[in-house]
Amino acid sequence: MSSHTAEDVNRAWWKEAVVYQIYPRSFNDSDGDGIGDIPGIVEKLDYLDELGIDVVWLNPVYESPNADNGYDIADYRAIMDEFGTMDDWEELLAGLHERDIRLIMDLVVNHTSDEHEWFRKSRESTDSDYRDYYIWRRGRTDVDGWTGHKGPEGEAPPNEWESFFGGPAWEYDEATGEWYLHLFDVKQPDLNWENPEVRDEVFDMMEWWLEKGIDGFRMDVINLVSKPESVTAHDPPTNDSDLGGTIDGPRIHEYMREMNDRVLAGRDLLTVGEMIGDGMPIDEARTYVGEDGDGLSMLFHFEHVLLDRAGRIWETAEWDLTDLKGVFSKWQYGLAEDGWNSLYLGNHDQPRIVSRFGDDGEYRRESAKLLGTLLHTLQGTPYVYQGEELGITNCPFESLDEFRDVETLNPVRSALDGGEIDSFEEVKEGLWANSRDNARTPMQWTGGENAGFTDGEPWIKVNPNCREVNVEAARADADSVWHYYRDLIRLRKEYDVIVYGDYDLLLSDHEKIWAYTRTLGDERLLVALNFSSEEAAFDLPDRVDADRDAAELLIGNYGDAGTDVESFTLRPWEARVYYLTEGHAA
Ligand code: TEU
């Protein structure tokens, strides 16, 4: 393993930053309509400043009919009424910048809303100027006995792709007798990136936002924009039942490079591409984020958040700590020399991290801090999802009516209709574990009514644990998860080794402990995390070259950890980070 020193690392502001993700609908409601909004975020700017974060990633705030909470955009250059006005947005940007916090916006360009003007014109006729903005194909008539969809008699969808939200990925449109592709909801038609006019529109729009002074983009499912030849070169498509070919599709790097050449290059931005898929080779990742790659700062892969998934949204697979260590270590080593990692455990699409990877019962506080320690001491840029800094847990939704998300509602409703399941009760626990709505319950500001999120009727259930878990209580309690996150964020600014140090995994097969060192020149950190509710004995492997007598505890989630790093016992969900200097093994 090569080792870096503080002088030879390739510095960038976005490597040193901590990103805080805001899901505006659930953050803070300023006008009592039960829906979070931009003025609501402005009210909380000092909160963000106090936490110490450097960048805000704002989920979509553009005009949208909200079939998928803003990921179905009807106008890229307008703000959704429910969220406020462009003036409000300008005020937010200025308020962030005054506090030295940067802003990255969500870029959703795999698809638009079916209510976008382009799509409305596209569906009018086969020779509309906008027809080729989307992917229209003829249905198949060579399929016997197709009964699955509402196309004309005797006609099946162009191919057998299933949408990510359930059901066929094609929708028949009466007006022209053809089908359009939607990898997500039926109200999210896919844009046709083969069409250069579409790329012009996207790049112009990016330019328009950059000129307003934003600091980068989070690019929604960006590795889906290039569709495979089975669809692009044939009408109807050649038969294909696996939409895997749209992941990192044939022209993806050409498109990304074009985006870089025409928009991003020469600007000092944070760009992060969301890359769907269940296993990306490191070489492929480097093509996106490496020195000679397409110019992205980093990417979000899905490998750790798919470990517990088993197909249907209510099904859960078994995983263990070695799987999780394996995924992260692959990426830590894989991008150490070229490229950069994003670090996330949760977001608006994932359950709450303490319920998923920690223990949201007895050890909620300890395990939330342990997960924070992991997130902030791996190599990469940490992303904190709103509420994570409080240790908010998943939410016990009591009936299907309490859910709001298409990704939950569509498949559960069709399973109920089709008799695959008999009742909500059957899938309740699976949805409690997996539904995206867990992350979308309102931010918990106080222990009072509606967690202080709104004076009105909240658009989605408030997590009942807001009485104990909320900003007001956490601020007042020096031992809270919130104070601990603040400390982690501060430490990152003080220690280069936290940002740039090389990662080295210790005890790779240990089933309870995740331990690693981070090394930069002669500075070294030892991180030891007990991912279990039992005690676990830690012994420092001989190969770790360090002055064992000069260890100093940098941060930990139990008050009285000693300084003997040679061997110690970790208590349930205990996390310790030691600062060591390089020396000679005793
Ligand atoms: O997410 C992509 C995506 O795959 C998720 O929808 C997926 O369902 C989830 O990660 C696992 O349950 C992006 C956005 O983040 C998401 O909110 C949008 O719904 C989706 O794209 C479509 O724009």
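The values are calculated or read from the model by the stated rules, or taken from the named source; none is laboratory data. Predicted model, so just to flag it, every value in this text is computed and none were measured. Cβ: placed from backbone, ideal geometry, glycine included. Neighbour counts: every protein chain shown. Ligands, DNA and RNA are stripped out before the accessible areas are found, and what is left, the full protein with its side chains, is counted by its heavy atoms. Shrake-Rupley method; radii C 1.70, N 1.55, O 1.52, S 1.80 Å.
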Exercise. Take the range 6-29 and flag every residue that is part of a loop (DSSP other than H, G, I, E, B) and either among the charged types (D, E, K, R) or open to solvent by less than 50 Å² (accessible area, probe 1.4 Å) (or both).
Key: 6, 7, 8, 9, 11, 12, 17, 18, 23, 27, 28, 29
Quiz item: Which of the residues that make up the range 61-82 are under 16 Å from residue 27 (Cβ atoms) and more than 16 Å from the ligand (Cβ to nearest atom)?
Solution: 79, 82
Quiz item: Does residue 112 count as touching a Pro at 6+ places or on another chain (Cβ under 8 Å) and among the polar types (S, T, N, Q)?
Solution: yes
Exercise. Quickly run through the range 107-130 and pick out the residues that are in a helix (DSSP H, G or I) and away from the ligand (no atom under 16 Å from the Cβ).
Key: 117, 118, 120, 121, 122
Exercise. Under 7 Å between Cβ atoms, at least 6 apart or on separate chains: pull out the pairs that start in the range 502-514 with a residue that is surrounded by fewer than 19 Cβ atoms within 10 Å (Cβ to Cβ) and end on any residue that is part of a strand (DSSP E or B).
Key: 505/516; 507/513; 507/515
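Quick grid of which residues meet (1) assigned to a loop (DSSP other than H, G, I, E, B); (2) open to solvent by less than 20 Å² (accessible area, probe 1.4 Å); (3) on the phi > 0 side of the Ramachandran plot; (4) in contact (Cβ under 8 Å) with a residue 12 or more places away in the chain:
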{"position": "375", "(1), (2), (3), (4)": "no, yes, no, yes"}
{"position": "379", "(1), (2), (3), (4)": "yes, yes, no, yes"}
{"position": "382", "(1), (2), (3), (4)": "no, yes, no, yes"}
{"position": "396", "(1), (2), (3), (4)": "yes, no, no, yes"}
{"position": "410", "(1), (2), (3), (4)": "no, no, no, yes"}
Self-check item: Cβ-Cβ under 6 Å pairs, at least 6 apart or on other chains, the range 278-297 side farther than 13 Å from residue 341 by Cα, far side open to solvent by 50 Å² or more (accessible area, probe 1.4 Å)
Solution: 278/306; 293/286; 294/257
Quiz prompt | Among (1) crowded, with 21+ Cβ neighbours inside 10 Å; (2) closer than 30 Å to residue 341 by Cβ; (3) within 16 Å of the ligand (Cβ to nearest atom), the one test that residue 433 misses | solution = (1)
Quiz item: Just wondering, is there one or more residues in the range 36-48 that are of a type outside the set (A, V, I, L, M, F, W, C) and under 17 Å from the mean Cα position of the chain (by Cα)?
Solution: no
Quiz item: Of the numbered conditions (1) buried (at least 17 other Cβ atoms within 10 Å of the Cβ); (2) farther than 24 Å from residue 366 by Cβ, residue 541 satisfies every one except a single condition; which is it?
Solution: (1)
Practice problem: All but one of (1) within 16 Å of the ligand (Cβ to nearest atom); (2) open to solvent by 10 Å² or more (accessible area, probe 1.4 Å); (3) touching a residue at least 60 places away in the same chain (Cβ under 8 Å) hold for residue 445, so report the exception by its number. | Solution: (1)
Practice problem: Just need a number here: residues in the range 468-482 that are among the polar types (S, T, N, Q) and farther than 16 Å from residue 372 by Cβ. | Solution: 1
Quiz prompt | the range 74-100 residues that are within 20 Å of residue 112 (Cα to Cα), paired with ones that are open to solvent by 40 Å² or more (accessible area, probe 1.4 Å) and in a helix (DSSP H, G or I) (beta carbon under 6 Å, 6 or more apart) | solution = 79/86
Practice problem: Would you mind finding the one in 298, 256, 280, 219 that is buried (at least 18 other Cβ atoms within 10 Å of the Cβ), within 12 Å of the ligand (Cβ to nearest atom), among the aliphatic types (A, V, I, L, M) and within 21 Å of the chain's Cα centre (by Cα)? | Solution: 219
Exercise. Working only within the range 55-68, note down all residues that are assigned to a loop (DSSP other than H, G, I, E, B) and open to solvent by 30 Å² or more (accessible area, probe 1.4 Å).
Key: 65, 66
Quiz item: Could we say that residue 465 is within 24 Å of residue 316 (Cβ to Cβ), in a helix (DSSP H, G or I) and open to solvent by less than 20 Å² (accessible area, probe 1.4 Å) here?
Solution: no
Quiz prompt | Selected residue (criterion: farthest from residue 78 (Cα to Cα)) from residues of the range 152-170 that are more than 16 Å from the ligand (Cβ to nearest atom) and either among the aliphatic types (A, V, I, L, M) or crowded, with 20+ Cβ neighbours inside 10 Å (or both) | solution = 156
Practice problem: Please identify the pairs in which a residue from the range 232-250 that is hydroxyl-bearing (Ser, Thr, Tyr) has its Cβ atom under 6 Å from the Cβ atom of a residue that is open to solvent by less than 40 Å² (accessible area, probe 1.4 Å) and not in a loop (DSSP other than H, G, I, E, B), counting only partners at least 6 apart or on another chain. | Solution: 238/230; 246/224
Quiz item: List, please: which pairs have Cβ atoms under 7 Å, are six or more places apart or on different chains, and start with a residue in the range 175-194 that is acidic (Asp, Glu) and away from the ligand (no atom under 16 Å from the Cβ) and end with one that is modelled with pLDDT of 95 or more and assigned to a strand (DSSP E or B)?
Solution: 178/136; 178/137
Practice problem: Mind telling me which of the residues 95, 36 ends up being open to solvent by less than 20 Å² (accessible area, probe 1.4 Å) and out of contact with any Lys or Arg (no Cβ under 6 Å at 6 or more places or on another chain)? | Solution: 95
Quiz item: Filter the range 340-364 for residues that are among the aromatic types (Phe, Trp, Tyr) and surrounded by 22 or more Cβ atoms within 10 Å (Cβ to Cβ); which is nearest to the ligand (Cβ to nearest atom)?
Solution: 344
Practice problem: Give 285, 265 a once-over and let me know the one that is surrounded by fewer than 18 Cβ atoms within 10 Å (Cβ to Cβ), over 19 Å from residue 189 (Cβ atoms) and aliphatic (A, V, I, L, M). | Solution: 265
